[in-house]
Amino acid sequence: MIFYSTTDPNYKVSFIDAFRMGLSPDKGLFIPSHIPVLPSSFWNDLVSKDATEIAFSLLSPYMIDEIDKNSCLSIIEKTYAFPFPVVALDETISCLELFHGPTLAFKDVGARFMSELHQHIYQNDVNTTVLVATSGDTGGAVAQSFVGVAGVDVVILFPKGKVSAIQELQLTTLGKNIKAIAVEGDFDLCQAMVKRAFLDTSLVNLQLSSANSINVARWMPQMVYYAFVYKMLAKRKKPLVVSVPSGNFGNIAAGLLASAMGLPIAKWMAATNINDTIPRFLNTGIWKEQKTLPTLSNAMDVSVPSNFVRIQKLQEFWGAKSVFSSQSCTDFDTLHAIRELYENYHYIADPHGAVGYHVLKHFLQENKDYQGVFVETAHPIKFPETVENALNIKLEYPENVKVLLSKTAVYDTISTYEELVEILRR
Ligand SMILES: *Cc1c(COP(=O)(O)O)cnc(C)c1O
């Protein structure tokens, strides 16, 4: 499949090159030049298909001209190798739990797919450096997916003091080929440094590759679990609305890609915290970036969401503007949502899932003809202080988290791009 750049439709590359490059030279993101639409018979018959078949049908059109069928299947099998439960809270609200992977967050899906694809393409005999900025969960997922992979060095930038303790330990304790760097600043600064490094000709010999959701290999595999939801809720009577807690808007942009391929989700809602550039833009038509503010849902503390341009392109190309909307949620409402979920349904949500629930609930109160799903993007144990304080309970720590908590974090600290370059050149 040919992919083109969102900033220059004439800049065209193959899927593998889009993966290798991450961004186009003019800082555009890659999107597919053609989106195949799967017939309604495919969607109506999802119940008869397993996870690998579903994922293959959705992803192979983009890869199959460059990657043979068996390799595609092998990459897919290793990616969707953990459960994706849909928990019904009541008749109208369900939760899609995406935290059953090794680092307890949905980013395991994209990170695993990317690592498998990387190994398939480079066959471990080309030395590459994976450079990635994290607002919390990407770093751990990427580190876990690439640890010990021959020929790959992984460098992770995280905003110092702005990720949770477990998130920090997940990316700073693996050692081996994984290097963590704390940046004195916010996630947007980390992301800006990464983008700059990719365009820095003095670093070409490092064979830098990205692992952020700007990369097609992180972004696209995320569309698949929305087909799983549709399959799980096949018996429902009302059209589906899905609320996705959003920061860089990669996860929801993947959902919209699935919709463009025919997945019958009636409405998508991007739920943000008070870093609300997109909901404000959609309400007022004015694009105004504000300083990123720290919140309880720290993985969404992003004020310049990279993937929004993909959503705009998908809409342009696909027409149906009304199916996408975005609403924000304060920390006060997030805490309220955590308590309400526990009191009403005995469900323990993390702060990100709670943002998704809050936005969904408001929509459903005014639109009774829908059935709703909110996405639980991380395990509540990744944010124990917030959840325990809100609910006045003690959370149980899974065994792998206990092991993690006994380890010591190792990282460098930087504040400028020049310091990053110095570390990369070492
Ligand atoms: C990354 C992340 C998000 C935001 O996802 P985007 O694809 O960047 O919108 C939401 N919740 C959690 C827990 C995350 O780690």
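The values are calculated or read from the model by the stated rules, or taken from the named source; none is laboratory data. None of these values were measured; they are calculated from a predicted model. Every residue, glycine among them, receives a Cβ derived from its backbone with ideal geometry; neighbour counts consider all protein chains shown. Note: accessible area is taken over every heavy atom of the protein model, side chains too, but ligands, DNA and RNA are not part of it. Shrake-Rupley method; radii C 1.70, N 1.55, O 1.52, S 1.80 Å.
Structure values in brief
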{"quantity": "Options F317, F363; residue that is touching a strand residue (DSSP E or B) at 6+ places or on another chain (Cβ under 9 Å), part of a helix (DSSP H, G or I) and open to solvent by 30 Å² or more (accessible area, probe 1.4 Å)", "calculated": "F317"}
{"quantity": "Unique match (being open to solvent by less than 50 Å² (accessible area, probe 1.4 Å) and within 12 Å of the ligand (Cβ to nearest atom)) among I252, I338", "calculated": "I252"}
{"quantity": "When residues of segment 366-386 are limited to those that are of a type in the set (D, E, K, R) and open to solvent by less than 10 Å² (accessible area, probe 1.4 Å), the one nearest to N400 (Cα to Cα)", "calculated": "K382"}
{"quantity": "Any pair with Cβ under 7 angstrom, 6 or more apart, that starts in segment 60-73 at a residue that is among the aliphatic types (A, V, I, L, M) and ends at one that is open to solvent by less than 80 Å² (accessible area, probe 1.4 Å)", "calculated": "M63/F15; M63/C72; I64/C72; I67/H120; L73/T52; L73/F56"}
{"quantity": "Spans of helices (runs of 4 or more DSSP H) in segment 83-196 with at least 2 residues closer than 29 Å to I67 by Cα and touching an Asp or Glu at 6+ places or on another chain (Cβ under 9 Å)", "calculated": "107-122, 137-146"}
{"quantity": "Selection status of A409, surrounded by 12 or more Cβ atoms within 10 Å (Cβ to Cβ), of a type in the set (G, A, S) and outside any helix (DSSP H, G or I)", "calculated": "yes"}
{"quantity": "Residue count, segment 248-275 (criterion: outside any loop (DSSP other than H, G, I, E, B), over 15 Å from Q222 (Cα atoms) and either among the basic types (K, R) or touching a Leu at 6+ places or on another chain (Cβ under 8 Å) (or both))", "calculated": "3"}
{"quantity": "Number of the exception - E343 against (1) farther than 30 Å from I35 by Cβ; (2) touching a residue at least 12 places away in the same chain (Cβ under 8 Å); (3) in a helix (DSSP H, G or I)", "calculated": "(2)"}
{"quantity": "Residue within segment 373-380 that is at pLDDT 95 or above, part of a loop (DSSP other than H, G, I, E, B) and not polar (S, T, N, Q) present", "calculated": "yes"}
{"quantity": "Residue list for segment 223-243, restricted to those being within 16 Å of the ligand (Cβ to nearest atom) and in contact with a Phe, Trp or Tyr (Cβ under 7 Å, 6 or more places away or on another chain)", "calculated": "V224, Y225, V242, S243"}
{"quantity": "Matching residues, segment 262-309, being more than 11 Å from the ligand (Cβ to nearest atom), within 26 Å of V224 (Cβ to Cβ) and either in contact with a strand residue (DSSP E or B) (Cβ under 7 Å, 6 or more places away or on another chain) or acidic (D, E) (or both)", "calculated": "I265, A266, K267, W268, M269, V309"}
{"quantity": "Search result, residues across segment 80-117 that are open to solvent by less than 20 Å² (accessible area, probe 1.4 Å), in contact with a strand residue (DSSP E or B) (Cβ under 7 Å, 6 or more places away or on another chain) and more than 16 Å from the ligand (Cβ to nearest atom)", "calculated": "I93, S94"}
{"quantity": "Residue in segment 64-75 that is in a helix (DSSP H, G or I), within 16 Å of the ligand (Cβ to nearest atom) and at pLDDT 95 or above present", "calculated": "no"}
{"quantity": "Of all residues making up segment 139-152, the number that are open to solvent by less than 10 Å² (accessible area, probe 1.4 Å) and either under 24 Å from D350 (Cβ atoms) or acidic (D, E) (or both)", "calculated": "5"}
{"quantity": "Any chance W219 is free of Cβ contacts under 8 Å to residues at least 24 places away in the same chain and either surrounded by fewer than 23 Cβ atoms within 10 Å (Cβ to Cβ) or within 15 Å of the ligand (Cβ to nearest atom) (or both)", "calculated": "no"}
{"quantity": "Every residue from segment 34-51 that is assigned to a helix (DSSP H, G or I) and within 23 Å of the chain's Cα centre (by Cα)", "calculated": "A51"}
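To keep it simple, each residue is scored yes or no on (1) under 23 Å from L293 (Cα atoms); (2) open to solvent by 10 Å² or more (accessible area, probe 1.4 Å).
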| site | (1), (2) |
| --- | --- |
| G175 | no, yes |
| L189 | yes, yes |
| L199 | no, yes |
| S209 | no, no |
